[in-house]
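See below for the structure under consideration.
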Amino acid sequence: MKEILNRILNHEELTREETRAILIGITKEQYPAEQITALLTGLQMRGITVDELLGFRDGILETGVPVPLDCDRYIDVVGTGGDRKNTFNISTTACFVIAGAGYKVAKHGNYSATSISGASNVIASHGVKFTDDIDRLNRCINECGIVYLHAQLFARAMKFVGPIRKSLQFPTCFNLLGPIVNPSKPQCQLLGVATLDQMRLYSNVYQKIGIDYGIVNSIDGYDEISLTGDFKVTTNSYERIFKPQELGFDIARPEELVAGATEEEAARIFDSVLANTALPAQKNIVLANAAFGIQVLERGRKDIEECLAIAREAIDSGRAMQTFRKFVELNSI
């Protein structure tokens, strides 16, 4: 570790294998907290590389609990977090819309670190019990099209750096790992990022992993499609900026995206979108994110207008809410 720290101080880059070995060493408690603190601080100041991030990902997946799912193609929709916007659970709601449209989803998530309600908060608030039982997880995705993977049950390595990350009180490279350590290793992912620098980083990461992806960023700093202004989308096949009006949407006001002051308020918004009783802006935001997820699943073969129509039908027909009710039924016993 002394050699590694000296190299980072000299602005040298580590290899993918080196950061994988470091992560495994951390799980074996080979390094004192002071050295891990120095490592995370040095990487944050210099900026992590694609291979360094992939090495940490390799180590987390290797030391974690794998989730082999019995289906060929499914998606995860997730945001990096950290945009400090306290939006309602847009990605999680979009996942149930996508599943309601007949696609398969393996949603990976955790409790919130920066907003009122994270994915695990809103899921648990409906009485769902998290599990790492593979048979139960497979039954869930097969019977209702979606499974929820609560990160703390699978990424065992995270507990070894948890206290250090908390004491540092600034983001580290581990904040970037959440979206890419889904233990089921989905073949498709829609990721929301808060900055264009993150968009470039993850685009290179996904290309090396070799999956179908879409990365979205709202130009005003939201780590999802917020419809509060222009937004950028990067996929395997295109990169462009969209205006909400191009997709038939009005500009949303920031206050229409807020989760509220409590988990209960956030859960009510989540429910209202699936029940088709939400504010138009709240429904539109979920539709936009779900549509780009569907386009990723379709390998870009459907244009975004067609994907929007598919997402809209999932809500309007009631299938999105039916999917969620079935999911709760399967996971509350």
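Just to confirm, what accessible area per residue do you get for region 1-68 at 1.4 Å probe, in whole Å²?
50
For region 50-99, just the Cα set please: Rg and Dmax, both in angstrom.
Expressed in Å, the Cα Rg and Dmax of region 50-99 come to 14.6, 36.
In deg cm²/dmol and to the nearest 500, what is the mean residue ellipticity at 222 nm of the chain if only DSSP H runs of at least 4 residues count, each as -39500 (n - 2.57), divided by the residue total?
It comes out at -15000 deg cm²/dmol, rounded to the nearest 500.
May I ask for the angle, rounded to the nearest 10°, between helix 33-46 and the longest principal axis of the chain, with both axes built from Cα atoms and the value confined to 0 to 90°?
So the inclination is approximately 70 degrees.
Determine the relative contact order of the chain: mean sequence separation of Cα pairs under 8 Å and six or more apart, normalised by residue count, in whole percent.
The value is 22 percent.
Explain nothing, just the number: dipole magnitude of region 141-220 about its Cα centre with +1 on each Lys and Arg Cβ and -1 on each Asp and Glu Cβ, in debye rounded to the nearest 20.
It works out to roughly 420 debye.
In the chain, with Lys and Arg counted as +1 and Asp and Glu as -1 at Cβ, which of these residues, Leu191, Pro244, Ala288, has the Cα nearest the positive end of the dipole, that is, farthest along it?
Leu191
With only Lys, Arg, Asp and Glu charged, each at its Cβ (+1 for the first two, -1 for the last two), find how big the charge dipole of the chain is about the Cα centre; round to the nearest 20 debye.
Roughly 360 debye for the chain.
If I stretch the segment between Met1 and Ser272 completely, what's the gain in nm (0.36 nm per residue apart, minus their alpha carbon distance), one decimal?
92.5 nm
What residues qualify as long-range amide H neighbours of Tyr111, i.e. H under 5 Å apart, gap of 5 or more or another chain, H built at 1.01 Å from N?
Ser120
Can you order the peptides 116-123, 1-8, 267-274 by their average number of other Cβ atoms within 10 Å per residue, highest first?
The densest-packed peptide leads the list: 116-123, 267-274, 1-8.
Rank-order 163-176, 50-63, 222-235 by packing density, defined as the average count of other C-beta atoms within 10 Å over each peptide's residues, highest first.
222-235, 50-63, 163-176
Net charge near Lys232, counting Lys/Arg +1 and Asp/Glu -1 over other residues with Cβ under 14 Å of its Cβ?
Value of the local net charge: -4.
Under a GNM of the chain (C-alpha, springs under 10 Å), which listed residue has the highest mean-square fluctuation: Val193, Val161, Val286?
The residue with the greatest mean-square fluctuation here is Val161.
Convert each backbone phi in region 131-145 into a coupling constant with the Karplus relation 6.51 cos²θ - 1.76 cosθ + 1.60 (shift: θ = phi - 60°), then list the ³J(HN,Hα) values in order as whole Hz, x for Gly and Pro.
My calculation for region 131-145 gives 9, 10, 6, 4, 5, 5, 5, 5, 4, 5, 5, 6, 8, 10, x Hz in order.
May I ask you to derive the FRET efficiency for Val328 and His11 from their Cβ-Cβ distance with R0 = 56 Å, giving the value to the nearest 0.05?
The pair Val328/His11 has a calculated efficiency of 0.65.
For region 177-242, what number results from the quotient of the Cα radius of gyration and 2.2 N^0.38 Å?
Against the compact-globule rule of thumb, the ratio is 1.06.
Could you compute Rg(Cα) / (2.2 N^0.38 Å) for the chain, with N its residue count?
Working it through for the chain, the quotient is 0.97.
Return P(r) of region 74-143 (all Cα-Cα pairs; 5 Å bins starting at 0; whole %; ordered from short to long distances).
With a bin width of 5 Å, the distribution comes to 3, 15, 25, 26, 19, 8, 3, 0.
Asp133 to Asp197: FRET efficiency via 1/(1 + (r/R0)^6), r the Cβ-Cβ distance, R0 30 Å, to the nearest 0.05?
0.20
Given the alpha-carbon gyration tensor of region 1-43, what are the semi-axes of its equivalent ellipsoid in whole angstrom, ordered largest first, with each equal to the square root of 5 times an eigenvalue?
Here the semi-axes work out to 16, 13, 7 Å.
Straight-line reach from Lys159: which aspartates and glutamates have Cα under 18 Å away, leaving out those fewer than 8 places along the same chain?
Leaving aside aspartates and glutamates fewer than 8 places away in the same chain, those within reach of Lys159 are Glu29, Glu34, Asp58, Glu62, Asp132.
Check Lys85: other-chain or 5+ apart residues with amide H under 5 Å from its amide H, H built from backbone geometry?
Residues meeting the amide H criterion: none.
About the Cα centre, and with charges only on the beta carbon of Lys, Arg (+1) and Asp, Glu (-1), how big is the dipole of region 209-291? Nearest 20 debye, please.
Value, rounded to 20: 280 debye.
The values are calculated or read from the model by the stated rules, or taken from the named source; none is laboratory data. Note that this is a predicted model, so its numbers are computed, not measured. Note: ideal-geometry Cβ built from the backbone for every residue, glycine included; neighbour counts use all protein chains shown. What goes into the accessible areas is simple: the full protein's heavy atoms, side chains included, and nothing from ligands, DNA or RNA. Shrake-Rupley method; radii C 1.70, N 1.55, O 1.52, S 1.80 Å.
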